[in-house]
Amino acid sequence: MNLPDLVRLEDMPGADSAEKWPAYLDYIYRIFREEVAEGGLTFQGLPIKCRYHTPYEGKHASFWHLMSEGKIEEARTPDFDRCARIPWIAPVIDHADDPSVVRWWKHDRATSRGTKTRVVLWLYQHDYAVILEPRADCCFLITTYCVRPGQKLKFEKEWKAWTG
């Protein structure tokens, strides 16, 4: 699988980060909207849905969550590694059934709303994860992030336990 190029803030027009940010945000949101939220993605026959409730600056709540970091939702800050990889979300989901590219498994996770079953799609050669929450009629896109070294060992263990 050929991944799209990373989209970096420094590649946007403008003299400095403050000038570049609005164009960058609009650019990565357009990619998210077209390729993910409205892209017709599916996982194991279930459509991928993105939460739009309580949009922030007119953008999907899912978008804000997956491109930022922090424990308190209202205080999350942009994570430029996550932002740069917005174009990778659709290809990871599209290639979820190719174990040479993506390792996936279901795992119960403790959340602020109780225990939820989550699906981890791990683009293991690039240390990137897409997290879905399966429901009866769809899968919600929960988040994405770059997998840190300590998480790699945890992911490897979880994946091996899932695949037997």
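See the values below:
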{"read-out": "Options LEU3, LEU41: the member that is under 20 Å from HIS126 (Cα atoms) and at pLDDT 95 or above", "value": "LEU3"}
{"read-out": "Residues of region 45-69 that turn out to be at pLDDT below 95 and surrounded by fewer than 12 Cβ atoms within 10 Å (Cβ to Cβ), as a count", "value": "4"}
{"read-out": "Residues being surrounded by 11 or more Cβ atoms within 10 Å (Cβ to Cβ) and at positive phi - total across region 2-40", "value": "1"}
{"read-out": "Total residues in region 127-143, condition modelled with pLDDT of 95 or more and within 20 Å of VAL101 (Cα to Cα)", "value": "7"}
{"read-out": "Out of ILE86, ILE142, ILE131, sole residue that is in contact with a helix residue (DSSP H, G or I) (Cβ under 7 Å, 6 or more places away or on another chain), surrounded by 15 or more Cβ atoms within 10 Å (Cβ to Cβ) and of a type in the set (Val, Ile, Thr)", "value": "ILE86"}
{"read-out": "Filter result (outside any strand (DSSP E or B), under 14 Å from THR143 (Cβ atoms) and either touching a Pro at 6+ places or on another chain (Cβ under 8 Å) or among the hydroxyl-bearing types (Ser, Thr, Tyr) (or both)) within region 37-78", "value": "ALA61, SER62, MET67"}
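The values are calculated or read from the model by the stated rules, or taken from the named source; none is laboratory data. Since the model is a prediction, treat every value here as computed from it, not as a measurement. Here the Cβ is made from the backbone with ideal geometry for all residues, glycine too, and neighbour counts use every protein chain on show.
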